[in-house]
Amino acid sequence: MSEQYDPNIVAFLCNWCSYAGADLAGTSRTHYPANINIIRVMCSGRVNPLFIINALQQGADGVLVSGCHPGDCHYMEGNFYARRRFGLMKELLEYVGVDPKRFNMSWVSASEGSKWKDVVEDVVEKAKEAGPFEQFRRNKINW
Amino acid sequence: MVDLEKLKNVAKDTVSREDVKYLIGWRQGTYGFRVSPLFMTEPEDADKLIFSPLCVNNLATYLTLAEKLPVPRGAEPDTRKVALMVKGCDSRAVVQQLIEKGIERESVLVIGCPCQGVLDLEKVEEKFPGIHSPVDVQWGDDKFIINLPDGPQEVPREELLAKKCLNCRYPNPVMSDVMLWEEVEAWGNGEYADVKELEEKDSQARWSFWQDKFESCIRCYACRNACPMCYCEDCVLDRLNPQWIYRSNNISENTVFHLARAFHLVGRCIECGECERVCPMGLPLMTLNRKLVKEVRDKYDFEPGLDPESKPFQSSYRPDDQEDFIL
Amino acid sequence: MNNKPKIGVYVCHCGINIAKTVDVEAVSEFASRLPNVKVARNYSYMCSDPGQLLIREDIKNEGLNRVVVASCSPRMHEMTFRKTLAETGLNPYYLEMANIREHCSWVHEDREEATEKAKKLVFSAVAKARLLEPLYENEVEVEPATLVIGGGIAGIQAALDIADAGFKVYLVEKTPSVGGRMSQLDKTFPTLDCSACILTPKMVDVASHPNIELLAYSEVEEISGYVGNFEVKVRKKARYVDVNKCTGCGVCSEECRLAGRIPSEFNAGMGNRAAIYLPFPQAVPAKYTIDPERCLMLTRGKCGKGPKCEAACAAGAIDFNQKDEIVECKVGAIIVATGFDVFDAAKKPEYGYNDYDNVITALELERLVSASGPTGGNIVLGKGEDAFVPQEVAFISCVGSRDKSVGNEYCSRVCCMYTAKLAHLVKEKLPEANVRVYYMDVRAFGKGFEEFYDRVRREGVRYIRGNPSEIFKRGDKLVIKAEDTLRSTPIEDEVDLVVLAVGLEPRRDARQIIDLLRLSQSADRFYLEAHPKLAPVNTATDGVFLAGCSQGPKDIPDTVAQAKGAASSALVLLSSGKVKIGAQISFVNEATCRGCGYCVEICPYGAIELVTVNRMGNMVQVARVNEALCKGCGACSAGCLSGSIQQKSFMDRQILPQIAVLGGVK
């Protein structure tokens, strides 16, 4: 792993809590690493588990799913489904030998701009430790 | 103990019923240790039915595989029942299909066959190579009695037992309309040696293991087609828009295929082992599926295919599901 | 129509907010070379009029059919730009935004890094934009009627407001009379208005209002449908009295063999009633009801030689064969105003509520001081020879509030002030009595509250800061053991009467309404509002509103205010007559759906159902989305194994290209 290695992280954020929390981090001019690329979905429950595998395949070194804290879901239950799905996804990836540091999930509320920064720093650091993802990365661009 | 006479009588009665379309059972194959499914419509075919350690296949797959042909205008769709012979593991497939409404309860007639564990076909063919004529195999006490053309041979049970049976906890059908004979005592304890062995390796070693396997996959999709749980009319992994995986056969696409399939089986895999059995490349697919079976059982306290009234695992949650992995 | 994507990309400088860290020129130049991009521009403020004009001109002149705006968060200006598109006749959902301010220029310092990231975000937006599809917001008609559940002051006020606005109201009350908790109160703090005097006229209004159908002694049994179109079934319980004949004279009640032998709910058990009864003199409707659990005729099938009420009723209104009736109605909005229950003081055994007769709750004292109460407003405890007038009176505040040991962490908001009020009333009626209040904190936050608290203290009510640990009997007296925490001295206080200022709790039957309406509960178990600040009367279910203490403890002014808020929210729906249904909702590809029902179970709104369809002559089950109920969370689509249910604007095939771009496999 080279010193310059800059991990690329794809993050799926729910519109109501985590995306808003990331907005708040911006409004508060909180600085954090630029390695994170956000895809907005309405709810963490919308994140298809195959997105995670797909993101790794399509070049991400790390993937993050972030939603509302349990009980705070704008749609009441979506994050509970997400929690169940991604708990198992993490197990599966780890089991086939993908570094568990690559896939993370977080609860970030709309008021937790500073937590969002911490989460980003944390996942970027973890992805750095894991190094560039090669295991089942696809070899050409998909479009 | 297996009572073939009873099986045949029940089968005759069953297919004679007005409301039964056909019965799916096992018959001796045309070659060595192989059996093939028998789609029985006439009572006189009952003599062809067998139930022996050779009956490895999970026939529940045919319930959902059967094509629903277009019904000619003016005609009524055929809603007669399908009768199905099941071992313990097969019955869980039926229950799981009921849970997720793949079939309807009134469309199936389940004939339960308590099972003492079936053969590992690879092992038996290796032990007795080059046998072309059909071979009859029976259960003995803790052994298989293999009636080879040149006389019977006895082999200890452990030596030839299929991998999925080694630690079976559900040898008896969990659901049936008719139970053909007495239930047997379960012998498994639910521990998965293969999963444990792999878990104890480091990340790199695990990947090397799977990399080797997935690289050898030829993506014939036999695993998917034999799986009683894979019965979408149109598999997402086949689709071009969106195209989740490319057709190319390489480590990337193959890995994604297997991970996606394993994940679609979360809380649904009933461990019949068909995927692994049919794999022409010998991929240990159950070692992948069993990992998730284990996690679902240990961490979420859930086992699929036991109670037709239960909520599907994937469409439910508990407020206290584990979340120690969340940042 | 040729729908080959022609995308316009607009990179906003946002003054220097974006331009300072992101090289906007470079980003728009990069965007101009992306597939399907027809024009790419940058401008100082895209949200300004000239900025929007730029987009509109390009749509017209360049024939754009997709627009990407790279600026601030879509949570900020998505609506603005959707309107911009709509003004040109382009479908507003052909817009995609790239958030290069909150998620880029404001959080990254390095210009080069931020510029590269902005390019990526724009690329991702373009990748999605080319696959966007036009969406349409549907409208459904709103049934111009409202169901109000609960006939307390909240329900009464909401019903009156809506009815006055000219819309039909069905007011359902579980008990035989409207009035609720407020009717049990004597005076109201801090103004000391007589509760009945201000409430009764409203109760009468409710009964006589031409737009209100009062369904007292009734319960909602079933609710189906969705915003604007709820179908409701109400069970009108049998009163065993023909309300059309009953004149409310009350002779039946006097004659009843059980007269004076059944604890009166209205009097909080301080007085008794008969088996045929009017809950209280001012009850509305002023019709008698037979208690089916107590009446001898109804429980045992016989009552002496014949029911005396029947014999006594000159109007012939008694009808033991009456049956429950189901009333069906269609409404556009529902207001839940089911109120509260008081804390069960027996859950604090150290206060001896179950053990000592002269430990009573505030609600019980309320009935004692009330002129309409069992003692005619005299504070007399005990009966007959044991009757006595207390001289030493102690109040204990926060009983069942702010108390984790009983599971109520919250403050009940009214106890401090009703304690002050009751203390004042005790002083007024028994000027010689010594009154003290044991308190943790006095929360006198409302209008006139602090002044009232001051006044009560000046009247001689002693406030002792300390939470009593135990109450026990010594001779005729009750002894309160406490610590005066301001003086750090232990106290043993001998008193005649202890009044427990019990807190407010969610109704014990709160579950019923939750099941009917799919409401949620907050941590305190009261009904959960849609947003604690900005949508305090709304619920997660559109068209269902909350009023009063069902949502959380409140005093009367707050309850009335919230009731008016709920009424006006309902009126917004009713008076517009139509309700818009979100466009970014789920839809099913019935050809590939395998009818497993996962989505049906996942959907938190019950918006998906399985229907039987004819697939080439075979009857198969497939999922179908009720567009009016779907809120567009997309949880169904992530749970769909065959990918058959998708959320518009967030389809798998729209998100995958975003992942591809952001993943960026070289």
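Between the helical axis of C:74-87 and the longest alpha-carbon principal axis of chain C there is an angle of about 60 degrees. Chain B against chain A buries an accessible area of about 3900 Å², both chains summed, 1.4 Å probe radius.
From the residues B:255, B:308, B:231, which one has its Cα farthest along the dipole of region B:193-315 in the positive direction, the dipole being from +1 and -1 charges on Cβ of Lys/Arg and Asp/Glu about the Cα centre? My answer, from the dipole projection, is B:255. Where does the charge balance sit around residue C:93 when Lys and Arg score +1, Asp and Glu -1, over other residues with C-beta under 13 Å from its C-beta? Net local charge, residue C:93 excluded: +1. The relative contact order of region C:7-129, computed from alpha carbon pairs under 8 Å that lie at least 6 residues apart in sequence, is 33 percent. Placing +1 on each Lys and Arg Cβ and -1 on each Asp and Glu Cβ, with no other charges, gives region C:246-351 a dipole about its Cα centre of roughly 340 debye. Nearest 100 Å² is fine: what is the total accessible surface buried where chains A and C meet, probe 1.4 Å? Chains A and C together bury roughly 4300 Å² of accessible area. For region C:499-556, chymotrypsin sites (Phe, Trp or Tyr not before Pro) are listed when DSSP marks them as loop and at most 15 other Cβ atoms sit within 10 Å of their Cβ; the list is empty. The accessible-area loss of region B:52-82 on complex formation, taken against its chain alone with a 1.4 Å probe, reaches 20 Å² or more at B:68, B:70, B:71, B:77.
Dividing the mean sequence gap of close Cα pairs (under 8 Å, 6+ apart) by how many residues chain C holds gives a relative contact order of 13 percent. The separation of region C:43-94 from region C:353-420, counted between C-alpha centres, amounts to 64 Å.
For region B:219-295, what class follows from the C-alpha gyration tensor (a ≥ b ≥ c being the square roots of its eigenvalues): rounded when a/c is under 1.5, otherwise prolate if a/b is larger than b/c, else oblate? Prolate. Summing Lys and Arg as +1 and Asp and Glu as -1 over all other residues whose Cβ lies under 11 Å from the Cβ of residue C:381 gives a net charge of -3. The contact residues of region C:647-666, meaning those that lose at least 20 Å² of 1.4 Å-probe accessible area when all protein chains sit together rather than their chain alone, are C:650, C:652, C:653, C:655, C:656, C:658, C:659, C:660, C:662, C:663, C:665, C:666. Put a dot 7 Å past the Cα of residue C:531, heading toward its Cβ, do the same for residue C:481, and the two dots end up 5.1 nm apart.
For residue C:473, nonlocal amide neighbours, meaning residues 5 or more places apart or on other chains whose placed amide H falls under 5 Å from its own, are C:479. Which of B:209, B:198, B:148 sits closest to the plus end of the dipole of region B:136-247, meaning its Cα is farthest towards the positive end, when Lys and Arg get +1 and Asp and Glu get -1 on the C-beta? Value computed over the given set: B:209. The residues of region C:591-611 occluded by other protein chains by 50 Å² or more of accessible area, set against the chain on its own, are C:592, C:594, C:598, C:601, C:602, C:604; surface from heavy atoms, 1.4 Å probe. Among the GluC sites (Glu not before Pro) within region C:225-290, those in coil by DSSP and having at most 16 neighbouring Cβ atoms inside 10 Å are C:265. Ratio of Rg to Rh for the protein assembly as shown: 1.05 [Cα atoms; Kirkwood radius as inverse mean 1/r over pairs].
Working note: Karplus 6.51/-1.76/1.60 with θ = phi - 60° gives region C:519-531 the couplings 7, 10, 10, 7, 4, 7, 6, 6, 5, 8, 7, 5, 8 Hz, where Gly and Pro are set to x. Largest first, the residues A:30, C:191 sort by 1.4 Å accessible area into C:191, A:30.
Taking the 1.4 Å solvent-accessible surface of the protein assembly as shown as the whole, the part contributed by carbon and sulfur is 48%.
For region A:16-84, just say rounded, prolate or oblate: build the C-alpha gyration tensor, square-root its eigenvalues into a ≥ b ≥ c, call rounded for a/c under 1.5, and beyond that prolate if a/b exceeds b/c, oblate if not. Oblate, since a/c reaches 1.5 and b/c is not below a/b. Rounded to the nearest 100, the interface formed by chains C and B buries 2200 square angstrom of accessible surface, both chains summed, with a 1.4 Å probe. Bridges between two residues of region B:58-151, per DSSP, are antiparallel at a rate of about 55%. Taken over region C:49-161, lysine pairs spaced eight or more positions apart, or on distinct chains, with alpha carbons under 18 Å apart number 4.
Dipole magnitude for chain C: computed about the Cα centre from +1 point charges on Lys and Arg Cβ and -1 point charges on Asp and Glu Cβ, it is near 1240 debye.
Once backbone amide H atoms are built at 1.01 Å from N, residue C:395 has C:436, C:437, C:438, C:499 as its partners under 5 Å, excluding neighbours fewer than 5 places away on the same chain. Taking all protein chains as they are arranged and a probe of 1.4 Å, the heavy atoms of residue B:263 leave approximately 10 Å² accessible to solvent.
Entry note, region C:586-648: relative contact order of 45 percent, from Cα contacts under 8 Å with a spacing of 6+ residues.
If you only keep lysine pairs separated by 8 or more in sequence, or across chains, how many in region A:9-142 come under 25 Å at the Cα atoms? Taking the Cα cut-off of 25 Å, the pair count is 15. Taking Cβ atoms as reference points and 9 Å as the exclusive limit, the residues near residue C:303 contribute a net charge of +4, counting Lys and Arg as +1 and Asp and Glu as -1. For region C:251-312, the solvent-accessible area with a 1.4 angstrom probe is 51 square angstrom per residue. Accessible surface area normalised per residue over region C:21-179 is 36 Å², counting heavy atoms of protein chains with a 1.4 Å rolling probe. Probing with 1.4 Å while keeping every protein chain in the model, the per residue accessible area of chain B equals 44 Å².
Where a ≥ b ≥ c are the square roots of the eigenvalues of the C-alpha gyration tensor, would you call region C:341-505 rounded, which needs a/c under 1.5, or, failing that, prolate if a/b is larger than b/c, or oblate? Note, shape of region C:341-505 comes out rounded.
For chain A, the longest principal axis of the Cα atoms and the long axis of helix A:113-130 meet at an angle of about 10 degrees.
Kindly provide the trypsin sites (Lys or Arg not before Pro) of region B:88-145 that DSSP labels as loop, not H, G, I, E or B, and whose Cβ sees at most 14 other Cβ atoms within 10 Å. Sparse-neighbourhood loop trypsin sites (Lys or Arg not before Pro): none present.
Only helices enter the 222 nm calculation for chain B: every DSSP H run of n ≥ 4 contributes -39,500 (n - 2.57), and dividing by all residues gives -9000 deg cm²/dmol, rounded to 500.
The values are calculated or read from the model by the stated rules, or taken from the named source; none is laboratory data. Quick caveat, the model's predicted, so the values are computed rather than measured. FYI the Cβ positions are ideal-geometry reconstructions off the backbone, even for glycines, and counts take in every protein chain you see. Surface areas here come from the heavy atoms of the whole protein model, side chains and all, with no ligands, DNA or RNA. Shrake-Rupley method; radii C 1.70, N 1.55, O 1.52, S 1.80 Å.
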